[in-house]
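Structure first, then comments.
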Amino acid sequence: MAQPERTEPLAVCVDADVLIAGLLSRTGASHAILVLGELGFLRLVLPESAVAEVRRNLGAKLPEAAPLFEEFLRSVPHQIHRPTAHDRERTRELADAKDVPILAAAIGAEAPLLVTHNVRHFRSGQGVRVVRPRTLIEEVRAWMRSFGAG
């Protein structure tokens, strides 16, 4: 039986809300995305501003969970991306002002997907599609079924 052709992991830019939800719950689509990143099926792109937001929010609201995030950063393959001024400019009309750095990181890292619970803050464009975690998991399941898995 022929093996499916190996492809590169899909690059997925992950917003802070998905990181927090995935860290704090062992169920749900956000957690599944982090696990898929850990297993190498997804290439997790973390906007530098999202990493700072997670640290700030956990430190202020759930300090006992802050070490979970630091362990995640040490143990799960990821790319922290700082968008350029050019990427921010390309994004200006596609995101709420405070969310421009998130979408700009996705564009700069050439991630075709931005995963967030706050889809209303973004508009797809510049080669990036904005989706909820559940949508990504449904698409991954459909892709896996195409190989006869799942």
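The values are calculated or read from the model by the stated rules, or taken from the named source; none is laboratory data. This one's a predicted model, so the numbers in the text were calculated from it and none came from an experiment. Heads up, the Cβs are rebuilt from the backbone with ideal geometry, glycines too, and the neighbour counts pull from every protein chain shown. The protein model used for the area step is the full one, side chains on, heavy atoms only, and it has no ligands, DNA or RNA in it. Shrake-Rupley method; radii C 1.70, N 1.55, O 1.52, S 1.80 Å.
Quick look at the values:
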| read-out | value |
| --- | --- |
| Close pairs from segment 75-93: first within 30 Å of PHE41 (Cβ to Cβ) and among the aliphatic types (A, V, I, L, M), partner outside any helix (DSSP H, G or I) and open to solvent by 80 Å² or more (accessible area, probe 1.4 Å), Cβ under 7 Å, at least 6 apart | none |
| Subset tally (residues that are over 13 Å from the mean Cα position of the chain (by Cα) and not in a helix (DSSP H, G or I)) for segment 28-75 | 4 |
| Qualifying residues in segment 5-24 (those that are open to solvent by 10 Å² or more (accessible area, probe 1.4 Å) and within 17 Å of LEU39 (Cβ to Cβ)) - the one modelled with the lowest pLDDT | ARG6 |
| Check on GLU89, part of a helix (DSSP H, G or I), over 28 Å from VAL35 (Cβ atoms) and open to solvent by 60 Å² or more (accessible area, probe 1.4 Å) | yes |
| Residue match in segment 60-73 (condition: over 18 Å from THR135 (Cβ atoms), touching a Gly at 6+ places or on another chain (Cβ under 9 Å) and not aliphatic (A, V, I, L, M)) | yes |
| Filter result (open to solvent by 20 Å² or more (accessible area, probe 1.4 Å), under 13 Å from the mean Cα position of the chain (by Cα) and closer than 18 Å to LEU10 by Cα) within segment 98-136 | GLU110, PRO112, ARG129, VAL130, ARG132, ARG134, THR135 |
| Positions within segment 43-75 being open to solvent by 10 Å² or more (accessible area, probe 1.4 Å) and touching a strand residue (DSSP E or B) at 6+ places or on another chain (Cβ under 7 Å), in sequence order | ARG43, GLU48 |
